[in-house]
Amino acid sequence: MSQPRPGTRDRRAMLLEAVRDGSGGIAELAAEFGVSESTIRRDLASLAGAGHVVRTYGGALDTERSPREKDQEHAAAKEAIAREAAALVEDGEVVLLDAGTTTGRLARHLAHREGLTVVTNGVTAIRELAGFAGIDLIVLGGRLRHPNEAILGETVLAQLRHISPDRVFLGADGVVDGRGLCCPSLEQSVVKHAILHAGGEAYVLADHSKLDQAPFSYWAPLDRDYRLITDEPKADVTYPQFAESVILAGEAEIVGGAAHHGRRGR
C-alpha cells in the first residue's frame, strides 16, 4: 500500500530539508516528492519569499547559513568595499550601519577611530565595536531576526525617527535598478527603507555578486540620492543603470565620472 502524499506545508518543510542536504534541481526534487515541476517551482517560490532559500536557474540554494559563512563569500571584495566606505567617514560624524556582513567589516574599520558615534541594528557591527571606548555605540533595540542577525521591528522604526546621522550605510542581498534593495522579509525591507532615509548621505555596499540580482520577493525602494560602493571594475559598462552612482572600491575616482552625490533611484 502506497504512502499518502504529504500536505503542502509538510512537503515544503521536507523540501527545505532536501535543499539543505544538497538537492536543488527542480526535476530532481519533483521526482523525489512525486509532484509536478510546476508544484516544486511554487513551493520554492514560497520558501524564497520567506527567506529560506535563494532561487537559482533550475533550482534553489539554501540560505540558512551563519553570518560567518556568509562573510567568507567574496571576502576580498567585501573587505575592499568596507575600506572604501570607511574612508568616507570623517572624525566626529554620526553614522548609521545596517545589518550585514559587509557593514560588519565596515564597523571593524571604524573601531579604532576616535569621536565617532555609530548607530546600528546589526549584531555583527555591535560585536566589532563593543570593546572600543572611542566609539559612542548606539544599539537600536527590537526583535532579533535569524540567520542574518538583524534587529527589526516597530521599536527600531520609532528610534530611527529620532536620529539624523551624517551618513548611512546599507547592506544588500541584491540591488536592482528601478526596484531597489532586495530583502529576505517584508519587515526587513521596511527597516532598510527607513535607514535609507534617516541620514544626510546614503551608501549601498554591494559586491559584484549582488548587482542586478533579486533572490527574494521584498524590496526597499532606492527612492532618494545614494551612492553604490562595489568592487565590479566594469560596473559602469556592465550595469549602465548604476553608472552615475558608483564608487569603485580600491579606486580614487568615481566610475562614470559622476561628480554629484549619486543619482535619484526611480
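The values are calculated or read from the model by the stated rules, or taken from the named source; none is laboratory data. Keep in mind that what you see is a predicted model, and the values were worked out from it rather than measured. Positions of Cβ are backbone-derived with ideal geometry, glycine not excepted, and every protein chain shown enters the neighbour counts. Keep in mind that these areas ignore ligands, DNA and RNA; they rest on the heavy atoms of the full protein, side chains included. Shrake-Rupley method; radii C 1.70, N 1.55, O 1.52, S 1.80 Å.
Values for this structure:
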{"item": "Residues (surrounded by fewer than 17 Cβ atoms within 10 Å (Cβ to Cβ) and farther than 23 Å from ARG227 by Cβ) located in segment 154-169", "result": "GLU154, THR155, ALA158, ARG161, HIS162"}
{"item": "Out of ILE151, ILE126, ILE81, ILE138, sole residue that is of a type in the set (A, V, I, L, M, F, W, C), open to solvent by 50 Å² or more (accessible area, probe 1.4 Å) and at pLDDT 95 or above", "result": "ILE138"}
{"item": "All positions within segment 163-204 that are in contact with a Gly (Cβ under 6 Å, 6 or more places away or on another chain) and among the hydrophobic types (A, V, I, L, M, F, W, C)", "result": "VAL168, CYS182"}
{"item": "Residue within segment 57-74 that is at pLDDT 80 or above and surrounded by fewer than 17 Cβ atoms within 10 Å (Cβ to Cβ) present", "result": "no"}
{"item": "Scan of segment 250-264 for residues that are surrounded by fewer than 22 Cβ atoms within 10 Å (Cβ to Cβ) and either at pLDDT 65 or above or small (Gly, Ala, Ser) (or both), ordered by number", "result": "GLY250, ALA252, GLY256, GLY257, ALA258, ALA259"}
{"item": "Segment 17-44, subset part of a helix (DSSP H, G or I), out of contact with any strand residue (DSSP E or B) (no Cβ under 7 Å at 6 or more places or on another chain) and at pLDDT below 80, residue most open to solvent (accessible area, probe 1.4 Å)", "result": "GLU17"}
{"item": "Failed condition for ILE229, given (1) modelled with pLDDT of 90 or more; (2) assigned to a loop (DSSP other than H, G, I, E, B); (3) within 17 Å of THR103 (Cα to Cα)", "result": "(2)"}
{"item": "Residue count, segment 88-144 (criterion: within 20 Å of the chain's Cα centre (by Cα) and in a loop (DSSP other than H, G, I, E, B))", "result": "7"}
{"item": "Hits in segment 145-160 (condition: polar (S, T, N, Q) and out of contact with any Pro (no Cβ under 8 Å at 6 or more places or on another chain))", "result": "THR155, GLN159"}
{"item": "Residue identified as more than 21 Å from ARG83 (Cα to Cα) and in contact (Cβ under 8 Å) with a residue 24 or more places away in the chain among ALA206, ALA220, ALA202", "result": "ALA220"}
{"item": "Residue check for ASP177: modelled with pLDDT under 90 and either of a type in the set (A, V, I, L, M, F, W, C) or surrounded by fewer than 23 Cβ atoms within 10 Å (Cβ to Cβ) (or both)", "result": "yes"}
{"item": "Matching residues, segment 182-220, being assigned to a loop (DSSP other than H, G, I, E, B), among the small types (Gly, Ala, Ser) and open to solvent by less than 10 Å² (accessible area, probe 1.4 Å)", "result": "ALA206"}
{"item": "Any hit, segment 175-186, residues being at negative phi, more than 17 Å from the chain's Cα centre (by Cα) and aliphatic (A, V, I, L, M)", "result": "no"}
{"item": "Breaking point among (1) part of a helix (DSSP H, G or I); (2) under 15 Å from LEU96 (Cα atoms); (3) in contact with a helix residue (DSSP H, G or I) (Cβ under 6 Å, 6 or more places away or on another chain), for GLN159", "result": "(3)"}
{"item": "Output for segment 90-121, where each listed residue is free of Cβ contacts under 8 Å to residues at least 40 places away in the same chain and under 23 Å from GLU187 (Cβ atoms)", "result": "GLY104, ALA107, VAL118, THR120"}
